[in-house]
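*Asks:* My questions will all concern the structure given below.
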Amino acid sequence: MPKRIVPLTDMAVQKAKPQGKRLTLFDGQGLFLLVTPEGGKLWRFKYRFGGKEKLLAFGSYPEITLADARLRRDMARKQVANGIDPGAVRKAQKQANNETTETFEVIAREWHAKFNPTWTASHSVTVMGRMERDLFPWMGAHPINEIKAPELLAVLRRVESRGALESAHRIRAIAGQVFRYAVATGRAERDPSADLKGALPRPGEKHHAAITDPKEVAPLLRAIDGYHGHFVVKCALRLAPLFFVRPGELRHAEWAEIDFDEAVWNIPAGKMKMKQPHMVPLCHQAMEILTELKELTGSSRYVFPSGRSLSRPMSNNTLLSALRRMDYDKETMTPHGFRAMARTILDEVLQVRPDFIEHQLGHAVRDPNGRAYNRTAHLAERRKMMQLWADYLDGLKSGAKVLPMVRKVR
């Protein structure tokens, strides 16, 4: 077992005496007091970032008290948890203080810290990683108000030259958000990334493989009903076309979010891509599946727990692997493809209003004044749509006549 660290006290820090060599007094969670032979008392914070052990100085005692040092430690730990290197932030801030203007890196890290709470952890790490790898080394130290379009284009060309055209477009978008933040906060006059529209070739558009032809949907649904794998996985496969939510949203469904009385699944904002709470009306078929599944997994937090532990949701490859077992490879059908299936057939076969479909897909839909609708918008109509969709799928499975696809004129 690791040795338990007893936190420091103000008296212990005050009475710490210098010795013939450096003395280290640990407070816990990476914070320690370094007592030098000359009598200095220096606060240090040890942490790991990017697989490397790093050290950050917090100042000296008594100017920085134990409470001050702990506060700085907690702030640094929070940065690390959000994919931010506190040492890099300190370096950028010092550099900015030594110059008369603020640099791109300082503004970028400030922007990242401000909007990070609204992002998923993985997105936060990805954004910071792209900036640290492809933006900061080339223009991070430059005053943000002096960066022009050709300088940014040179950075993007470097990314494009290594065969990462899609990444170049994403990095341009990130840089644009930083520049616009600088404009909004009065530290830049304009966004030079806007001048680069069309300067990079368009990347080939990628889509999640999906079956959208009703004639091909029917055998897929029958294959799901005949699936011989784990019962929990089979239930997830049966509910995936009925819910047509994103695979991550489906996997992380919790029983506490399922309202059997109101027949609705309330997904909290933190689980949604658009960071807005979402409601999935439950059709009769979904209610039957969930009621049966609750007998098996009701003691778990998750509706679809991992086969190894009830405390974790099923893995992100479980449904994809199940589809492969049914001879549907990833070029033919993916768990994400159930969304495209529903969007296409609801629109082109069942003639449902597109805004109802977009609401149910969890996409941002605006009213005539440009305001985003709330999660209950058109709930009654969406409930009818979800039941219509479930009944239609049952009809396909039973061999009902397939209605032709109709291309609407928009």
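The values are calculated or read from the model by the stated rules, or taken from the named source; none is laboratory data. Note that the structure is predicted; figures quoted are calculated from it, not measured. Neighbour counts run over all protein chains shown; Cβ positions are idealised from the backbone, glycine included.
*Asks:* Looking at Met128, is it surrounded by 15 or more Cβ atoms within 10 Å (Cβ to Cβ), free of Cβ contacts under 8 Å to residues at least 40 places away in the same chain and within 15 Å of Ala92 (Cβ to Cβ)?
*Replies:* So Met128 fails the test.
*Asks:* Just checking, which of Leu152, Leu165, Leu135 is farther than 24 Å from Val89 by Cα, of a type outside the set (Lys, Arg), in the same structural domain as Thr103 (by TED's automatic domain parsing) and touching a residue at least 12 places away in the same chain (Cβ under 8 Å)? If you could, list the steps in order and put the result at the bottom.
*Replies:* On the way: Leu152 fails: farther than 24 Å from Val89 by Cα; Leu135 fails: farther than 24 Å from Val89 by Cα.
Leu165 is the lone residue from the list that is farther than 24 Å from Val89 by Cα, of a type outside the set (Lys, Arg), in the same structural domain as Thr103 (by TED's automatic domain parsing) and touching a residue at least 12 places away in the same chain (Cβ under 8 Å).
*Asks:* Please work out which residue is farthest from Pro219 (Cα to Cα), limiting yourself to the range 304-331 and to residues that are under 21 Å from the mean Cα position of the chain (by Cα) and of a type in the set (A, V, I, L, M).
*Replies:* Result: Met314.
*Asks:* So, in the range 150-194, of the ones that are modelled with pLDDT under 90 and among the hydroxyl-bearing types (Ser, Thr, Tyr), which residue ends up farthest from Asp134 (Cα to Cα)?
*Replies:* Step by step, filter the range 150-194, then rank; the result is Thr185.
*Asks:* Report yes if Arg158 is among the basic types (Lys, Arg) and farther than 15 Å from Phe104 by Cα, otherwise no.
*Replies:* yes
*Asks:* Sticking with this structure for a sec: Lys114 is checked against (1) surrounded by fewer than 16 Cβ atoms within 10 Å (Cβ to Cβ); (2) under 21 Å from Gly83 (Cα atoms); (3) more than 23 Å from the chain's Cα centre (by Cα) and fails just one. What number does that condition carry?
*Replies:* Exception for Lys114: condition (3).
*Asks:* I'd like to check something: does the range 174-196 contain any residue that is under 24 Å from Asp394 (Cα atoms) and in a helix (DSSP H, G or I)? Before you say what the answer is, go through the steps one by one.
*Replies:* Start the filter on the range 174-196 by keeping residues that are under 24 Å from Asp394 (Cα atoms), which leaves none.
No: zero hits.
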